[in-house]
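Working notes for the structure below.
What follows is calculated from the coordinates using simple rules that are stated; it is not laboratory data. These numbers were taken from a predicted model, which means no experiment stands behind them. As a convention, Cβ positions derive from the backbone with ideal geometry for all residues, glycine included, and neighbour counts pool all protein chains shown.
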Amino acid sequence: MGLYKNVDKRKSVTHIRKDDEVIVISGDDKGKRGKVIEVAPKEGKVIIDGVNMVSKHVKPRRQGQPGGIIKTAGPIYACKVLPYCSKCGKGARTQHKVADNGKRIRICAGCQEDL
């Protein structure tokens, strides 16, 4: 039983996408930056490179293959991260704007720069 046990399964993560540069805003890894590896919208979680590192015990599967303990990135709730704005130098709330070609783009709420 955690703090976020009643996550709405129908809502999806809209402010974070794969390959975004993000910054963690709360928790043990607060202030760390990294690239989003994977997004799980139904769970409301993201996996970020170098953030929330967990130890995984791996059993050797083939003869001659080593087993042991490896470090891998674990999932973190998407509400704990913000997209990183390189112009502002901090986490940015996002706004949506329709570009000239008709595509919807995300912009920083502070400096109006494309994310």
* To do: Normalising by the residue count of segment 52-91, find the relative contact order in percent from Cα pairs under 8 Å and 6+ residues apart.
  => 34
* About the Cα centre, charge dipole magnitude for the chain (Lys/Arg +1, Asp/Glu -1 at Cβ), debye -> 400
* To do: Determine the gain in length on full extension of the stretch SER55-CYS88; use 0.36 nm per residue of separation and subtract their C-alpha separation, reporting nm with one decimal.
  => 8.5 nm
* **Whole-Hz couplings from phi, Karplus 6.51/-1.76/1.60, listed for segment 15-29; x for Gly and Pro** => 8, 10, 10, 4, 6, 6, 8, 10, 10, 7, 9, 7, x, 5, 9
* Which order do peptides 49-60, 69-80 fall in by mean Cβ count within 10 Å, highest first? -> 69-80, 49-60
* Fully extended contour minus Cα-Cα distance, from VAL98 to GLU43, at 0.36 nm per residue -> 16.9 nm
* Asked: What percent do you get for the relative contact order of segment 6-115 when only Cα pairs under 8 Å and 6+ apart count?
  -> 21
* To do: Identify which of the listed values of semi-axes √(5λ) of the Cα gyration tensor in Å was calculated from the structure shown: (i) 32, 16, 15; (ii) 27, 21, 11; (iii) 27, 17, 13.
  => (i)
* Report ³J(HN,Hα) in whole Hz for each residue of segment 84-100, in order, from the Karplus equation J = 6.51 cos²θ - 1.76 cosθ + 1.60 where θ = phi - 60°; Gly and Pro get x. => 8, 9, 6, 6, 6, x, 8, x, 10, 6, 10, 10, 10, 9, 8, 6, 4
* Structure fact -> A correct Karplus calculation of ³J(HN,Hα) over segment 58-63, with 6.51 cos²θ - 1.76 cosθ + 1.60, θ = phi - 60°, whole Hz and x for Gly and Pro, returns 10, 8, x, 9, 10, 5
* Asked: Which pairs break 22 Å Cα to Cα here: LYS32/LYS97; LYS42/LYS97; LYS18/LYS45?
  -> LYS32/LYS97; LYS42/LYS97
